[in-house]
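Chemist: Take a look at the following structure, please.
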Amino acid sequence: MRRTTRRTFLKQAGAAPLALLGAGGWTPQARAAAQLVGPLKITGIDAVRFRQDLRIRDTSPNWFWVRLHTDAGLIGLGESYPGDEAHLGALRELAGTVLGKDATQIERLWQDVFYRISYQPWGGAESRMLTAINIAQWDILGKASGLPVYKLLGGKAQSRLMVYNTMNGWPIYGMRDHDPEKVAEFLLQRGIRGVKIYPYDRGPVNAYARHGGTFISQAELKQSLDPVQRMRKAVGDEIEIAIDMSSKWNLPCSLQIARSLEPYGIMFLEDPMLPDNLEAYASLARETPIPVCISERLATRFRFREMLERRAVDVVMYDVTWCGGISEAKKISDMADTYKIPTAPHTGGGPILWFASIHTATALTNFFIMESVFHLYNDLYPHFVKDVPVPVKGFVTAPEAPGLGVELREEALKNGDAAIEPVAKL
């Protein structure tokens, strides 16, 4: 029997729209629609790697993409970062678990791959490839159903997403972290009312470099407040300021830093310590009124569960391309919501992370605010991807195209800035 194509289905549905509302809902047209979304056998796996010596405004792509091919001709895209050879090796190792499986059975394949990599202590490149595979599956399911991913996740809980801009060494037309007044004014002119800065391990003070995160002097505490004070003097409370401490400090230093920042209305204090002792985080959260945000360094709902149970967090942050994929990000967010804790996705990677995070956050009832990087979505992403979502007046909205809505630029493949490398096929 000839497989129904999407064009045939839409033509039939348009000719007899009421048939889809039949008594049982299982009309020939409904059957044809169901055929389009599965089973879709995974028949091939590709890696997409990027030219490391490419420089676009002083930045190189550090992402690794996964492409899943299906027997229906649909291709899904996933991503993780940073890394290259380790990811390629992990993808080759997992190929046997993925090939031949139904791409639309997202939960089943996630569990199969997870158990595969948990045979040994799990994490690292294998977990990141699990994440990339999961994202690619959601992309395939969206393309097969003709729906954007956020609709598959439950639809729009947020009509638009508020963003802040991260200043982690990325330039804004030459401006960097040490230009706090200019940065704040530039962002506010574009309606972006939040910024994240790194005064404790970047810039002129860099107390971490002096002491390795185990000591900070009173003079260094006061000097590190300089960019915060300058922003507040320049634009007052018009901009929200988040502080990222890069997980480099111990508990006493984290407490000292938090107390010194308390008069300045900080939006959140991100990753002051490594998340390897959540009781230490619980102590910090009890001792400071500044919301504590952790952590893109954690993966899977299992690690986040412990964090929530210990009351160690005020804002949950995860990276969709690290935590286990779109499936895990949604579960982590829903679990946080039961504790009345908001979520703020981390997006400092590649364009697929940016697209996937927007779709995921759009479906969240407990969305707080989302990271964005002007340099990435303005300069770097458009070199490889068409129609990159750009914040408008401080908010970004999800694409309406099927799947993630990522469309690659062919010229990036033709000129060698990106290269497709077959990994496995049936």
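The values are calculated or read from the model by the stated rules, or taken from the named source; none is laboratory data. Just so it is clear, the model here is predicted, and its values are computed rather than measured. Here the Cβ is made from the backbone with ideal geometry for all residues, glycine too, and neighbour counts use every protein chain on show.
Chemist: Does at least one position in region 315-330 carry a residue that is over 24 Å from I243 (Cβ atoms), at pLDDT 95 or above and part of a loop (DSSP other than H, G, I, E, B)?
Modeler: Yes; the residues of region 315-330 include at least one that is over 24 Å from I243 (Cβ atoms), at pLDDT 95 or above and part of a loop (DSSP other than H, G, I, E, B).
Chemist: Residues of region 134-150 being under 25 Å from F302 (Cα atoms), touching a Gly at 6+ places or on another chain (Cβ under 6 Å) and of a type in the set (A, V, I, L, M, F, W, C), which ones?
Modeler: If the condition is that a residue be under 25 Å from F302 (Cα atoms), touching a Gly at 6+ places or on another chain (Cβ under 6 Å) and of a type in the set (A, V, I, L, M, F, W, C), then I135, A136, V149 are the ones that fit.
Chemist: Then there is this: Read through the list (1) closer than 17 Å to T347 by Cβ; (2) out of contact with any Leu (no Cβ under 9 Å at 6 or more places or on another chain), then give the number of the only condition that N165 fails.
Modeler: Unmet for N165, out of (1) closer than 17 Å to T347 by Cβ; (2) out of contact with any Leu (no Cβ under 9 Å at 6 or more places or on another chain): (2).
Chemist: Counting only residues that are of a type in the set (A, V, I, L, M) and more than 21 Å from the chain's Cα centre (by Cα), which one in region 274-312 is nearest to Y164 (Cα to Cα)?
Modeler: Filtering region 274-312 down to residues of a type in the set (A, V, I, L, M) leaves 274, 278, 280, 282, 284-285, 290, 292, 294, 298-299, 307-308, 312.
Adding the requirement that they be more than 21 Å from the chain's Cα centre (by Cα) leaves 278, 280, 282, 284-285, 290, 312.
Numbers: L278: 26, A280: 27, A282: 26, L284: 24, A285: 23, I290: 17, A312: 23 Å.
This residue is I290.
Chemist: Run down A125, A132, A144 and say which single residue is farther than 23 Å from A344 by Cα and within 17 Å of the chain's Cα centre (by Cα).
Modeler: A125
Chemist: A follow-up question, please. If I filter region 408-426 down to residues being surrounded by 14 or more Cβ atoms within 10 Å (Cβ to Cβ) and within 26 Å of the chain's Cα centre (by Cα), which single residue comes out as nearest to I45 (Cα to Cα)?
Modeler: The residue in question is V423.
Chemist: Restricting region 234-258 to residues that are touching an Asp or Glu at 6+ places or on another chain (Cβ under 8 Å) and part of a helix (DSSP H, G or I), which is nearest to P180 (Cα to Cα)?
Modeler: A234
Chemist: Does G405 satisfy being assigned to a loop (DSSP other than H, G, I, E, B) and touching a helix residue (DSSP H, G or I) at 6+ places or on another chain (Cβ under 8 Å)? Break it down into steps so the answer makes sense when it comes.
Modeler: Details: assigned to a loop (DSSP other than H, G, I, E, B): yes; touching a helix residue (DSSP H, G or I) at 6+ places or on another chain (Cβ under 8 Å): yes.
So G405 fits the description; yes.
Chemist: If only one of L298, L274, L269, L308 is more than 22 Å from A363 (Cβ to Cβ) and not in a strand (DSSP E or B), which one is it?
Modeler: Only one candidate qualifies: L274.
Chemist: Whether any residue in region 122-131 is closer than 25 Å to P342 by Cβ, buried (at least 24 other Cβ atoms within 10 Å of the Cβ), outside the structural domain of A344 (by TED's automatic domain parsing) and modelled with pLDDT of 95 or more is what I want to check.
Modeler: yes
Chemist: Taking T104 and the conditions (1) closer than 19 Å to I42 by Cα; (2) under 21 Å from the mean Cα position of the chain (by Cα); (3) among the β-branched types (V, I, T), which numbered condition does it fall short on, given that it satisfies the others?
Modeler: (2)
Chemist: Now a separate question. Scanning for something assigned by TED's automatic domain parsing to the domain that holds C293, touching a Phe, Trp or Tyr at 6+ places or on another chain (Cβ under 7 Å) and without any contact (Cβ under 8 Å) to a residue 24 or more places away in the chain, does region 178-199 turn up at least one residue?
Modeler: No, region 178-199 contains no residue that is assigned by TED's automatic domain parsing to the domain that holds C293, touching a Phe, Trp or Tyr at 6+ places or on another chain (Cβ under 7 Å) and without any contact (Cβ under 8 Å) to a residue 24 or more places away in the chain.
Chemist: Within the group I216, I243, I192, which residue is modelled with pLDDT of 95 or more, surrounded by 14 or more Cβ atoms within 10 Å (Cβ to Cβ) and within 21 Å of I294 (Cα to Cα)?
Modeler: Result: I243 is the single residue among I216, I243, I192 that is modelled with pLDDT of 95 or more, surrounded by 14 or more Cβ atoms within 10 Å (Cβ to Cβ) and within 21 Å of I294 (Cα to Cα).
Chemist: Being without any contact (Cβ under 8 Å) to a residue 40 or more places away in the chain and of a type in the set (D, E, K, R) is the filter; apply it to region 31-54 and report the residue that is nearest to P351 (Cα to Cα).
Modeler: Out of the qualifying residues, it is D53.
Okay, residues lined up against (1) buried (at least 24 other Cβ atoms within 10 Å of the Cβ); (2) part of a loop (DSSP other than H, G, I, E, B):
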residue	(1), (2)
D337	no, no
K340	no, yes
F355	yes, no
H359	yes, no
E371	yes, no
H375	no, no
D379	no, no
V388	no, yes
E400	no, yes
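Chemist: Further question: For region 203-213, enumerate the residues that are closer than 15 Å to T166 by Cβ and either crowded, with 21+ Cβ neighbours inside 10 Å or not assigned by TED's automatic domain parsing to the domain that holds V390 (or both).
Modeler: none
Chemist: What's the number of the only condition in (1) more than 23 Å from the chain's Cα centre (by Cα); (2) surrounded by fewer than 17 Cβ atoms within 10 Å (Cβ to Cβ) that A86 fails to meet?
Modeler: In the conditions (1) more than 23 Å from the chain's Cα centre (by Cα); (2) surrounded by fewer than 17 Cβ atoms within 10 Å (Cβ to Cβ), A86 misses (1) alone.
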